[in-house]
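These notes are about the structure you will find just below.
The values are calculated or read from the model by the stated rules, or taken from the named source; none is laboratory data. Note that the structure is a prediction, hence the values are computed from the model and not measured. Counting neighbours? That spans all protein chains shown, and the Cβs are built from the backbone with ideal geometry, glycine included.
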Amino acid sequence: MSKLSDCIINKKVSSKPIWFMRQAGRYLPEFRKIRSENKDFIKLCLNPDLVKEITLQPINRFKLDAAIIFSDILIIPYGLNQKVEFKKGHGPILGEIDIEKIINCKESDFVERVYPVYKGIKKTKEKLKNTNLIGFAGAPWTLLVYMINRESPKKNFNIENLLEDEKKIEKLMNKIESFIYLHLKNQIEAGADTVQIFDSWAGLLPANKIKKFCFEPTKRIVARLKKLGKPIICFPRGINKKYEEFCKVVKPDCISIDYDVEPSWILEKASGIPIQGGLDPKILLGSTEDLKKNIMKYISIFSNYPYIFNLGHGVLPETKPETIDFIVKFIREKND
């Protein structure tokens, strides 16, 4: 059993597994080289050989306990026939949404469009020995936001407009939910040891909508996935004190926290569920002393609790690879 699985399944506390969200990507010069030669980001995510190479880049550099498959949460809208492209300096741009077309999308058509993702997982798994391979997907609410808003809500977003026709939105969300489950199930069958569900925009939901659009759909996906026997990590970013209720309602195998969550608070509120993450990625851009102090805060608070060291969001592009190497070695020295 891998160190990550041991922490989540057996709730082992003696050593802390380490991996980083967005560890395979833009801060690595070897990734930037591949990216410069592959302008279409979605096509890159659907190239199994390059997916394998990119996923393994941080594993070849650092002594990490998990590889996360190189992909994107917007692979699901792409699989549902919505156009997805990435514009430099802007982020994702999605095409017009045809709700009826999406609702009538067949599972076989979806799988055919995204099959290279599963092929990439198989190829990557063949190269990994004791390192956990993580598959992932976006949560229903986050995918709905992208699909309706057609770009990141950081740019332009009005929740009242999105929820104007709530019945239609529910219908679409139910469809998205079923395809998230299918996509994660297929990743597990292809060789993923663990899966993570990213609800990157859960923090946009008002208190009276969070249960309906975040907790309940994620709970249904998690309940179905648990039958497949692989650990499920959930990351409902930005929900602050609602993390407590999320843990009680959704019951993931592991809860990933963002940098606004106080570690000592979640330690008391996680209902015994293993915890992952929390460190602000911006701290990696500062001084070594500040970095050490912040790492030790998490390591000390979770010293007697099943905890996976990670960040409270993805590695920033400005991060030096040497900083990731330093963090891994520093934690190993303190914990192993």
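When the range 230-255 is filtered for residues that are over 25 Å from Asn174 (Cβ atoms) and either polar (S, T, N, Q) or assigned to a loop (DSSP other than H, G, I, E, B) (or both), the ones remaining, listed by number, are Pro231, Asn240. Just to be sure, is Ile221 surrounded by 22 or more Cβ atoms within 10 Å (Cβ to Cβ), touching a residue at least 24 places away in the same chain (Cβ under 8 Å) and either of a type in the set (Ser, Thr, Tyr) or part of a helix (DSSP H, G or I) (or both)? Taking the combined requirement at face value, the residue satisfies it.
Entry remark, the range 132-161: residues being in contact with a helix residue (DSSP H, G or I) (Cβ under 6 Å, 6 or more places away or on another chain) and over 15 Å from Gly203 (Cα atoms) number 6 in total. Residue-level analysis places Glu30 among those that are at pLDDT 95 or above and surrounded by fewer than 18 Cβ atoms within 10 Å (Cβ to Cβ).
Of the listed requirements (1) free of Cβ contacts under 8 Å to residues at least 60 places away in the same chain; (2) closer than 26 Å to Asp280 by Cα; (3) surrounded by 18 or more Cβ atoms within 10 Å (Cβ to Cβ); (4) in contact with a strand residue (DSSP E or B) (Cβ under 9 Å, 6 or more places away or on another chain), Leu94 misses just one: (2). Taken together, Asn130, Asn60, Asn81, Asn104 contain a single residue that is among the polar types (S, T, N, Q), touching a Cys at 6+ places or on another chain (Cβ under 8 Å) and surrounded by fewer than 23 Cβ atoms within 10 Å (Cβ to Cβ), which is Asn81. Is it the case that the range 161-171 has a residue that's in contact (Cβ under 8 Å) with a residue 60 or more places away in the chain and over 19 Å from His313 (Cβ atoms)? For the range 161-171, residues in contact (Cβ under 8 Å) with a residue 60 or more places away in the chain and over 19 Å from His313 (Cβ atoms): present. Reported count of residues in the range 123-133, each being in a helix (DSSP H, G or I) and within 19 Å of the chain's Cα centre (by Cα), is 2.
Checking each residue of the range 92-107 against the condition of being of a type in the set (Gly, Ala, Ser), outside any loop (DSSP other than H, G, I, E, B) and out of contact with any Gly (no Cβ under 8 Å at 6 or more places or on another chain) gives no match. Out of Lys334, Lys329, one residue alone is at pLDDT below 95, surrounded by fewer than 18 Cβ atoms within 10 Å (Cβ to Cβ) and over 20 Å from Ile255 (Cβ atoms). It is Lys334. Filtering the range 288-312 to residues that are more than 23 Å from Lys11 (Cα to Cα) and not acidic (Asp, Glu) leaves Thr288, Leu291, Lys292, Lys293, Asn294.
Being in contact with a Ser or Thr (Cβ under 6 Å, 6 or more places away or on another chain), buried (at least 21 other Cβ atoms within 10 Å of the Cβ), part of a helix (DSSP H, G or I) and at pLDDT 95 or above is the requirement here; does Leu284 meet it? Yes. The residues of the range 148-175 that are at pLDDT 85 or above and out of contact with any Gly (no Cβ under 9 Å at 6 or more places or on another chain), listed by number, are Ile148, Asn149, Ile169, Glu170, Lys171, Leu172, Met173, Asn174, Lys175.
Residue check: Val145 meets all listed conditions (1) modelled with pLDDT of 95 or more; (2) in a helix (DSSP H, G or I); (3) among the aliphatic types (A, V, I, L, M); (4) in contact with a Phe, Trp or Tyr (Cβ under 9 Å, 6 or more places away or on another chain) but one, namely (1).
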